[in-house]
Amino acid sequence: MKLGVIDYGAGNLRSVLNTFEAAGVNGHLVRTPEDAAGVTHLVLPGVGAFGDCAEKLRRQELVPLIRTWIERDRPFLGICVGYQVLFENGEEDGQVPGLGIFKGSVVRFPESELKVPHMGWNRLTLSNPADPVWKGMGEDPYFYFVHSYYPRPEDDSLAAAFCTYGVRFAAAIRRGNLVATQFHPEKSQKLGVKLLENFISL
């Protein structure tokens with residue numbers, strides 16, 4: 001296998017690469033479509049704003065690569081903003097268009113007594129604990145979150161895991177060989193490494 005991690009000028013790339021190394025595989029950065037030659041597993045990490053991420057992916061002409069990759073059901077992992085940007089639009093910075101691969105919007109947590117951003121460890125409720133992506137994690141694993149917005153997919157069947165923070169939201173989605181998570185595997189210690197190992201096995 002050959003792992004490619006998309007570099008659009010933002011995101012915690014070193015942390016993601018280090019966690020994959022702990023999972024037993026070295027990755028290389030993908031800055032142009034040509035950089036993806038020979039890649040078998042593609043990762044879109046994300047830290048920062050929804051609109052900024054989408055715009056940089058368009059500017060680097062990486063959107064067609066991502067679309068085609070997902071259409072062909074090749075192993076793909078989206079993390080945090082790299083998960084959010086797969087949807088049609090996001091509320092951050094106004095209504096900003098995403099990549100539109102999945103129907104739905106990315107919305108801000110509603111006003112409540114809870115602090116926003118949602119930051120820290122939270123338990124997942126898995127839609128299908130027997131899914132190979134959750135192998136070796138138990139039925140209610142904890143992962144690390146840092147976000148103020150969350151995706152609201154139109155197709156509820158996409159949700160592979162839920163988390164509750166004032167509202168119940170899709171903490172991860174799964175379709176074919178695609179996995180995308182609102183939480184950060186690279187900040188989630190042993191379970192994060194295990195998730196990446198499971199992704200590598202797809």
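The values are calculated or read from the model by the stated rules, or taken from the named source; none is laboratory data. In this text the structure is predicted, and so the values were computed from the model without any measurement. Quick reminder, even Gly has a Cβ in these numbers, built from the backbone with ideal geometry, and neighbours come from all protein chains shown. Surface accessibility is based on the protein's heavy atoms, side chains included, excluding ligands, DNA and RNA. Shrake-Rupley method; radii C 1.70, N 1.55, O 1.52, S 1.80 Å.
Structure above, values below:
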{"quantity": "From phi via Karplus (6.51, -1.76, 1.60), per-residue ³J(HN,Hα) for region 150-157 in Hz, x at Gly/Pro", "calculated": "8, x, 10, x, 6, 9, 4, 5"}
{"quantity": "Cα-based shape type of region 131-185, given that a ≥ b ≥ c are square roots of the gyration tensor eigenvalues and the cut on a/c is 1.5", "calculated": "oblate"}
{"quantity": "Protein accessible area in the chain, 1.4 Å probe - carbon and sulfur %", "calculated": "47"}
{"quantity": "Intensity falloff of the chain expressed as log10 I(q)/I(0), Debye formula with alpha-carbon point scatterers, at q = 0.09, 0.16, 0.17 Å⁻¹", "calculated": "-0.29, -1.00, -1.15"}
{"quantity": "Karplus-derived 3J(HN,Hα), 6.51/-1.76/1.60, for each residue of region 127-136, Hz, glycine and proline x", "calculated": "5, 9, x, 7, 4, x, 5, 9, 4, x"}
{"quantity": "Net +/- balance of residues flanking Trp121 in space, Cβ distance below 15 Å, scoring K and R +1, D and E -1", "calculated": "+2"}
{"quantity": "Dipole of the chain, positive end: most advanced residue of Phe87, Leu42, Cys53 [Cβ charges, Cα centre]", "calculated": "Leu42"}
{"quantity": "Highest-fluctuation residue, Gly104, Gly46, Gly78 considered, GNM on the chain with Cα pairs under 10 Å", "calculated": "Gly104"}
{"quantity": "Value at 222 nm in deg cm²/dmol, rounded to 500, when DSSP H runs of n ≥ 4 in the chain each add -39,500 (n - 2.57)", "calculated": "-6500 deg cm²/dmol"}
{"quantity": "Of Ser188, Ser112, Ser148, the one that fluctuates the most in a GNM where the chain has Cα springs shorter than 10 Å", "calculated": "Ser112"}
